[in-house]
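Student: Quick one: structure below, then a few questions.
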Amino acid sequence: MKILVINCGSSSLKYKLFDMDKDSVIAEGRVERIGENDGIITHQAVDREKVNKTKPIPEHSVAISECLSLLTDPEVGAIESLNDIKGIGHRVLHGGEYFKQSTLVDDTALDQMEELRDLGPLHMPANILGIRSCMKLMPNTPQVAVFDTAFHSTMPKHAYLYAVPYELYQRYRIRRYGFHGTSHNYIALRVAQLMNRDVKELKIISCHLGNGASLAAIDGGRSVDTSMGFTPLEGLMMGTRSGDIDPSALEYVMDKEDVPMANIINMLNKHSGLYGIAGAGDMRDIVQGVEDQKPMHMLAFDMYEYRIRKYIGAYIAAMNGVDAIAFTAGIGENTPSLRAKICDNLSYFGIAIDHQVNQQRGEFELSTPESKVKVYVIPTDEEIMIAKDTLKLITENNNKSKQ
Ligand code: ADP
């Protein structure tokens, strides 16, 4: 059975077509610079020629049409007809308190997602547009929404509430939601497989370190805390996001510089983090700067590492223990010096890594046999999780309608 997974961002769309009988990707691609005259399309189906082309992509529906016609193209496609696609899984940023798990999309679900638009103004409009466009182009194909927040819906109230007047939660649902949930869930399940243990018996800290970065404390397979909050701005230092900051400092800067809150939030999202300190938001540049002994690059690296280590300590306390720590995403998978510094500074907890092994790429265990805590690098795979949830929901739905 073929399942299409779509990740529709504000100016780009990524897709992967899965053959679920083999758990394998049979085609994938991306459309970038949506809304521009020089949109970039890349597409690759297994054993077919790669496609790279540039053409105007005025809106998301055009991007999706492009993707569907490439998938069915006799030369470079992977399927004969769109009818071969039995379901489409969409990555959606925010499920608010409505969606504690993935859902088949119907009018009610769409209305609820529309209500959550303001909680993710950068991502939600594009996520919803992606779903609506697919519904129009393939009206008989079930659409499933998979939410970045859903995995964290198991957090206890004492972890997800902010210590502000409770009415703000009652009135506006101001609380920690957390993100990267699909990735953290994948990592927890994969750690359990690698340890040959039931995830229900394990305490795991998942470190998703990409452009956006978050940690999750996962106890018995359930998220019990995570570093991102009401929005993805809270928590760790990131590529261009500040992470935690005292809100009073914001008011102070607003007064001094006479700028509105929107500018400050924009600064915290786009001009802070590694970029704010070193003028480079990409970890590769930071690592190079550290090698070249550039002081601000070294400072940015140290700040980035320190914040992760503090959160790991906090989550060991939150769970009263830890069996495994796993690093994933662009930075987590590709920066041995960061992993080494974090782990070496956690020796108090009996964490020890093999520095030679730590240089590897791909999926591997880097903890030594003596280490009290297992440490892994695991490339994340959010798309396969989305595809599996999509398959599960459409199968359940088919069975229900047969009864
Ligand atoms: P996202 O999906 O959140 O956009 P990614 O998971 O692709 O982000 O991670 C992007 C980050 O990964 C960039 O900051 C980049 O610095 C880092 N990265 C990617 N490859 C490498 C590498 N080889 N070495 C160090 N950092 C890398």
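The values are calculated or read from the model by the stated rules, or taken from the named source; none is laboratory data. Quick caveat: nothing in here was measured; it's all calculated off a predicted structure. Heads up, the Cβs are rebuilt from the backbone with ideal geometry, glycines too, and the neighbour counts pull from every protein chain shown. Note: areas computed on protein heavy atoms with side chains; ligands, DNA, RNA excluded. Shrake-Rupley method; radii C 1.70, N 1.55, O 1.52, S 1.80 Å.
Student: Got at least one residue in region 202-212 being away from the ligand (no atom under 14 Å from the Cβ) and under 29 Å from Asn263 (Cα atoms)?
Tutor: Step one: filter region 202-212 for residues away from the ligand (no atom under 14 Å from the Cβ), giving 202-205.
Next cut, under 29 Å from Asn263 (Cα atoms) only: none.
No, there is no match, as no residue in region 202-212 is away from the ligand (no atom under 14 Å from the Cβ) and under 29 Å from Asn263 (Cα atoms).
Student: I'm told Met237 meets every condition in (1) more than 17 Å from the chain's Cα centre (by Cα); (2) closer than 24 Å to His152 by Cα except one. Can you identify the failing condition by its number?
Tutor: For Met237, the failing item is (1).
Student: If Asp323 passes every condition in (1) acidic (Asp, Glu); (2) within 16 Å of the ligand (Cβ to nearest atom); (3) open to solvent by less than 60 Å² (accessible area, probe 1.4 Å) but one, which one does it miss?
Tutor: Only one criterion in (1) acidic (Asp, Glu); (2) within 16 Å of the ligand (Cβ to nearest atom); (3) open to solvent by less than 60 Å² (accessible area, probe 1.4 Å) is unmet by Asp323, namely (2).
Student: For region 14-27, state whether one or more residues are of a type in the set (A, V, I, L, M, F, W, C), open to solvent by 10 Å² or more (accessible area, probe 1.4 Å) and under 15 Å from Gln143 (Cα atoms).
Tutor: Taking region 14-27 first, the residues of a type in the set (A, V, I, L, M, F, W, C) are 17-18, 20, 25-27.
Adding the requirement that they be open to solvent by 10 Å² or more (accessible area, probe 1.4 Å) leaves 20, 25-26.
Imposing the further condition that a residue be under 15 Å from Gln143 (Cα atoms) reduces the set to none.
The answer is no, given that none of the residues of region 14-27 is of a type in the set (A, V, I, L, M, F, W, C), open to solvent by 10 Å² or more (accessible area, probe 1.4 Å) and under 15 Å from Gln143 (Cα atoms).
Student: Tell me, which residue of region 295-320 that is surrounded by 17 or more Cβ atoms within 10 Å (Cβ to Cβ) and of a type in the set (D, E, K, R) is nearest to the ligand (Cβ to nearest atom)?
Tutor: Restricting to residues being surrounded by 17 or more Cβ atoms within 10 Å (Cβ to Cβ) and of a type in the set (D, E, K, R), the top hit is Glu305.
Student: So, in region 183-197, exactly how many residues are open to solvent by less than 40 Å² (accessible area, probe 1.4 Å) and more than 21 Å from the chain's Cα centre (by Cα)?
Tutor: Result for region 183-197: 1.
Student: Under 9 Å between Cβ atoms, which residue pairs at least 6 apart in sequence (or on different chains) link something in region 387-403 that is on the phi < 0 side of the Ramachandran plot with a partner that is surrounded by 18 or more Cβ atoms within 10 Å (Cβ to Cβ) and assigned to a helix (DSSP H, G or I)?
Tutor: That search, which allows pairs on different chains as well, returns Asp389/Thr182.
Student: Among residues belonging to region 262-293 that are outside any helix (DSSP H, G or I) and crowded, with 17+ Cβ neighbours inside 10 Å, point out the one that is farthest from the ligand (Cβ to nearest atom). Steps first, answer last, please.
Tutor: Kept after step one, since they are outside any helix (DSSP H, G or I), are these residues of region 262-293: 271-272, 279-282, 292-293.
After this cut, where a residue has to be crowded, with 17+ Cβ neighbours inside 10 Å as well, the list is 272, 280-281.
Numbers: Ser272: 14, Ala280: 9, Gly281: 7 Å.
Per the stated criteria, the residue is Ser272.
Student: Can Glu114 be described as closer than 30 Å to Gly229 by Cα, at pLDDT 95 or above and open to solvent by 50 Å² or more (accessible area, probe 1.4 Å)?
Tutor: Numbers: closer than 30 Å to Gly229 by Cα: yes; at pLDDT 95 or above: yes; open to solvent by 50 Å² or more (accessible area, probe 1.4 Å): yes.
In short, yes.
Student: Across region 198-209, which residue is nearest to the chain's Cα centre (by Cα) among those that are open to solvent by less than 10 Å² (accessible area, probe 1.4 Å) and over 15 Å from Asn320 (Cβ atoms)?
Tutor: We begin by selecting, within region 198-209, every residue open to solvent by less than 10 Å² (accessible area, probe 1.4 Å); these are 202, 204-207, 209.
Next cut, over 15 Å from Asn320 (Cβ atoms) only: 206-207, 209.
Values: Ser206: 12, Cys207: 11, Leu209: 9 Å.
Within region 198-209, the match that is nearest to the chain's Cα centre (by Cα) is Leu209.
Student: Show the residue pairs meeting these rules: Cβ distance below 6 Å; 6+ apart or different chains; first residue within region 205-221 and closer than 18 Å to Ala159 by Cα and modelled with pLDDT of 95 or more; second residue near the ligand (Cβ under 10 Å from one of its atoms) and part of a strand (DSSP E or B).
Tutor: The qualifying pairs are Ser214/His208.
Student: Within region 356-378, can you find the residues that are farther than 17 Å from Met195 by Cβ and either in contact with a Phe, Trp or Tyr (Cβ under 6 Å, 6 or more places away or on another chain) or open to solvent by less than 80 Å² (accessible area, probe 1.4 Å) (or both)? Walk me through it before giving the result.
Tutor: Filtering region 356-378 down to residues farther than 17 Å from Met195 by Cβ leaves 356, 358-362.
Matches in region 356-378: Asn358, Gly362.
Student: Within region 236-261, how many residues turn out to be part of a loop (DSSP other than H, G, I, E, B), out of contact with any Phe, Trp or Tyr (no Cβ under 7 Å at 6 or more places or on another chain) and closer than 23 Å to Leu215 by Cα?
Tutor: Residues meeting the conditions: 7.
Student: Here is a follow-up. Just to check your reading of the model, which residue among Ile394, Ile342, Ile331 is touching a Gly at 6+ places or on another chain (Cβ under 9 Å), β-branched (Val, Ile, Thr), part of a helix (DSSP H, G or I) and within 16 Å of the ligand (Cβ to nearest atom)? Before you say what the answer is, go through the steps one by one.
Tutor: Values: Ile394 fails: within 16 Å of the ligand (Cβ to nearest atom); Ile342 fails: touching a Gly at 6+ places or on another chain (Cβ under 9 Å).
That would be Ile331, the only listed residue that is touching a Gly at 6+ places or on another chain (Cβ under 9 Å), β-branched (Val, Ile, Thr), part of a helix (DSSP H, G or I) and within 16 Å of the ligand (Cβ to nearest atom).
Student: Looking at Asp219, Asp246, Asp258 in this structure, which one is open to solvent by 40 Å² or more (accessible area, probe 1.4 Å), more than 16 Å from the ligand (Cβ to nearest atom) and at positive phi? Steps first, please.
Tutor: On the way: Asp219 fails: at positive phi; Asp246 fails: at positive phi.
Just a single option satisfies the conditions, and that option is Asp258.
Student: If I filter region 132-161 down to residues being part of a loop (DSSP other than H, G, I, E, B) and free of Cβ contacts under 8 Å to residues at least 40 places away in the same chain, which single residue comes out as most open to solvent (accessible area, probe 1.4 Å)? First the steps, then the outcome.
Tutor: Here is the first cut: in region 132-161, the ones part of a loop (DSSP other than H, G, I, E, B) are 138-142, 148-149, 155-156, 161.
Still in the list and also free of Cβ contacts under 8 Å to residues at least 40 places away in the same chain: 139-140, 161.
Working: Pro139: 95, Asn140: 147, Leu161: 50 Å².
Across region 132-161, the extreme among qualifying residues is Asn140.
Student: How many residues does region 108-127 contain that are free of Cβ contacts under 8 Å to residues at least 24 places away in the same chain and under 12 Å from Ser10 (Cβ atoms)? Don't jump to the end; show me each part of the working.
Tutor: Step one: filter region 108-127 for residues free of Cβ contacts under 8 Å to residues at least 24 places away in the same chain, giving 108, 110-112, 114-118, 121.
From the residues that got through so far, the ones that are under 12 Å from Ser10 (Cβ atoms) too are 121.
Summing the residues that are free of Cβ contacts under 8 Å to residues at least 24 places away in the same chain and under 12 Å from Ser10 (Cβ atoms) in region 108-127 gives 1.
Student: Still on this model: Taking into account only those residues within region 224-237 that are within 21 Å of Leu346 (Cβ to Cβ) and crowded, with 21+ Cβ neighbours inside 10 Å, which is farthest from the ligand (Cβ to nearest atom)? It would help to see each step written out before you state the result.
Tutor: So the first thing to find is which residues in region 224-237 are within 21 Å of Leu346 (Cβ to Cβ), and the list is 224-227, 235-237.
So of that shortlist, the ones also crowded, with 21+ Cβ neighbours inside 10 Å come out as 225-227, 235-237.
On the way: Asp225: 21, Thr226: 15, Ser227: 14, Gly235: 14, Leu236: 12, Met237: 12 Å.
Per the stated criteria, the residue is Asp225.
Student: Then there is this: Out of (1) surrounded by fewer than 24 Cβ atoms within 10 Å (Cβ to Cβ); (2) assigned to a loop (DSSP other than H, G, I, E, B); (3) in contact with a helix residue (DSSP H, G or I) (Cβ under 6 Å, 6 or more places away or on another chain), the odd one out for Gly178 is which?
Tutor: Only one criterion in (1) surrounded by fewer than 24 Cβ atoms within 10 Å (Cβ to Cβ); (2) assigned to a loop (DSSP other than H, G, I, E, B); (3) in contact with a helix residue (DSSP H, G or I) (Cβ under 6 Å, 6 or more places away or on another chain) is unmet by Gly178, namely (1).
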